[in-house]
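Report on one structure; see the data block that follows.
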Amino acid sequence: MFDDALSVRDFRQLSEFIYNYCGIKMPETKRSMLEGRLRKRLRATGYPTFSEYCDYLFRHGGMETEAVFLIDVVTTNKTDFFREPNHFDFMTNVALPALADKGYQRVRAWSSACSTGAEPYTMAMVMADAVERRVISDYHILATDLSTDVLKKAHSGIYSRELIDPVPQEMVRKYVMMPKDKTRSDIRITPRLRSKVGFARLNLMNPSYNVGDPYQIIFCRNVLIYFDKKTQAHVLTQLCKCLTPGGYLLIGHSESVTGINLPIKQVANTVFMKQ
């Protein structure tokens with residue numbers, strides 16, 4: 001029988017750790033949500049109460065091994081193919097042709113909060129089509145996330161069939177494998193597309209991002225809303241350092257860069273170009 005409640009003291013310790021680790025704020029209003037999600041970790045670790053679990057984390061060195069699993073149950077990982085479709089229209093009609101005109105025939109793109117992979121695979125579909133149309137000659141996508149659970153799912157490229165409903169039928173035909181067994185409800189992204197996306201774990205709270213050469217397109221969508229202004233400024237500043245001049249930064253439609261000093265200018269709704 002598990003403890004019925006997460007105490008105020010333990011909640012505050014956990015929320016402080018979560019904020020310092022990954023920048024996600026956990027106000028008191030989220031205590032019951034955190035309590036519900038942590039029951040999974042109590043079962044996995046065998047601790048019968050929240051207080052004993054927190055003692056293990058904070059006073060007996062448990063955080064060294066448990067932090068990754070704790071963050072996995074805390075993070076929200078909603079994702080859809082072609083979510084906020086205007087961004088992908090912008091890639092097709094503006095960004096990729098403009099980058100090609102600047103001499104970027106091989107375009108490097110980064111999905112910095114990729115969740116279970118729908119975003120980077122959507123980017124890959126758009127870029128693969130651009131290669132077919134000879135707008136660009138090649139591309140590669142880096143996809144990163146804090147959660148190890150979602151990265152495993154993303155790497156597999158396997159999804160429920162209804163998740164690809166927003167994908168245009170022509171792209172489904174080219175980039176999605178349907179199961180031979182018609183009773184199955186899962187699909188898989190084609191090996192050709194999967195080979196163009198590399199996955200890695202990255203914490204956006206890191207002091208700097210070791211992601212190699214600069215990127216021409218960076219997506220950081222629907223993650224800034226979980227951060228306070230200070231953390232938003234840190235994340236956006238580091239992302240801009242990883243963006244080539246003339247490259248594009250895309251954020252979520254409910255997000256803003258207002259009040260943050262960045263070397264970018266707005267070129268479309270929630271789309272910015274590095275100056």
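Laboratory data are not the source of any read-out in this text; all were calculated from the coordinates shown. Quick caveat: nothing in here was measured; it's all calculated off a predicted structure. Here Cβ is always computed from backbone atoms with ideal geometry, including for glycine, and neighbour counts include all displayed protein chains.
With only Lys, Arg, Asp and Glu charged, each at its Cβ (+1 for the first two, -1 for the last two), find how big the charge dipole of region 160-275 is about the Cα centre; round to the nearest 20 debye.
Details: 17 positive and 8 negative charges, 76 e Å.
Rounded to the nearest 20 debye, it is 360 debye.
Restricting everything to alpha-carbon atoms, can you work out Rg to Rh for region 86-274 with a Kirkwood hydrodynamic radius?
In region 86-274, Rg relative to Rh is 0.96.
Would you mind checking which residues have amide H under 5 Å from residue 177's amide H? H placed 1.01 Å from N; only 5 or more apart, or other chain.
Those qualifying (amide H under 5 Å, at least 5 residues apart or on another chain) are 188, 189, 190.
Over the chain, with a Gaussian network built from C-alpha contacts below 10 Å, which listed residue (12, 59, 108) shows the highest mean-square fluctuation?
59
Could you put 253, 140 in order, starting from the residue whose Cβ has the fewest other Cβ atoms within 10 Å?
Going from sparsest to densest Cβ surroundings: 253, 140.
Before rounding to the nearest 500, sum -39500 (n - 2.57) across all DSSP H runs of length at least 4 in the chain and divide by the residue total; then give [θ] at 222 nm in deg cm²/dmol.
Only helices count here, giving -12000 deg cm²/dmol.
I'd like the FRET efficiency for residue 73 and residue 229, computed as 1/(1 + (r/R0)^6) with the beta carbon distance as r and R0 of 22 Å, rounded to 0.05.
That pair, residue 73 with residue 229, gives E of 0.25.
Net charge around residue 67, counting only other residues with Cβ within less than 13 Å of its Cβ (Lys, Arg = +1; Asp, Glu = -1)?
Spelling it out: positives minus negatives among the neighbours equals -1.
How far is it, in nm, from the label point at residue 89 to the one at residue 182 when both lie 7 Å from their Cα along the line to the Cβ?
Simple spin-label model gives 3.6 nm for this pair.
Using 19 Å as the Cα-Cα cut-off, could you pick out the over-long pairs in 152/230; 153/196; 153/182; 241/274; 25/241; 241/265?
Beyond 19 Å: 152/230; 153/182; 25/241.
Only sites in a loop by DSSP and with at most 16 other Cβ atoms within 10 Å count here; which trypsin sites (Lys or Arg not before Pro) in region 154-194 make the cut? Could the numbers behind the result be given before it?
Working: sites: 161, 173, 174, 180, 182, 184, 188, 192, 194; in loops: 180, 182, 184.
Counting only loop positions with at most 16 other Cβ atoms within 10 Å, the trypsin sites (Lys or Arg not before Pro) in region 154-194 are 180, 182, 184.
Nothing charged except the Cβ atoms of Lys and Arg (+1) and of Asp and Glu (-1): what's the magnitude of the dipole of the chain about its Cα centre? Round to the nearest 20 debye.
580
Which distance in nm do the two modelled labels at residue 7 and residue 137 give, with both placed 7 Å along the Cα-to-Cβ direction?
6.5
Take every DSSP beta bridge with both residues inside region 77-229 and express the antiparallel ones as a percent of the total, to the nearest 5.
In region 77-229, DSSP labels about 25 percent of beta bridges as antiparallel.
As I understand it, the dipole of region 70-114 uses +1 on the Cβ of Lys and Arg and -1 on the Cβ of Asp and Glu, about the Cα centre. Which of 82, 95, 113 lies farthest toward its positive end?
95
Pull up all non-local amide H partners of residue 243: gap of 5 or more, or a different chain, and H-to-H distance under 5 Å with H placed in the peptide plane.
The answer is 215.
Convert each backbone phi in region 173-181 into a coupling constant with the Karplus relation 6.51 cos²θ - 1.76 cosθ + 1.60 (shift: θ = phi - 60°), then list the ³J(HN,Hα) values in order as whole Hz, x for Gly and Pro.
Here the 3J(HN,Hα) series is 4, 8, 10, 10, 9, 8, x, 5, 7 Hz.
For a quick check: sort 15, 254 by the number of other beta carbons within 10 angstrom, fewest at the front.
In order of increasing Cβ crowding within 10 Å: 254, 15.
Within a Cβ distance under 14 Å of residue 269, other residues only, what is the Lys/Arg minus Asp/Glu net charge? Write down the numbers at each step before the final one.
Details: positive: 221, 265; negative: 84, 89, 255.
Result for the local shell: -1.
Equivalent-ellipsoid semi-axes (√(5λ), Cα gyration tensor) for region 8-74, whole Å, largest first?
17, 13, 11
Please list, by residue number, every one of the chymotrypsin sites (Phe, Trp or Tyr not before Pro) in region 3-45 that is coil in DSSP and has at most 14 other beta-carbon atoms within 10 Å. Let's see the in-between values first.
Numbers: sites: 11, 17, 19, 21; in loops: none.
Qualifying residues, ordered by number: none.
Taking +1 at the Cβ of each Lys and Arg and -1 at the Cβ of each Asp and Glu, which of 258, 179, 207 sits farthest along the dipole of region 86-274 towards its positive end, judged by Cα position relative to the Cα centre?
Result: 179, furthest along the dipole toward the positive end.
Between 247, 27, 38, whose Cα lies farthest towards the positive end of the dipole of the chain when Lys and Arg beta carbons carry +1 and Asp and Glu beta carbons carry -1, centred on the Cα centre?
Of the listed residues, the answer is 247.
Mind checking the dipole of region 8-74: about its Cα centre, +1 per Lys or Arg Cβ, -1 per Asp or Glu Cβ, Debye to the nearest 20?
240
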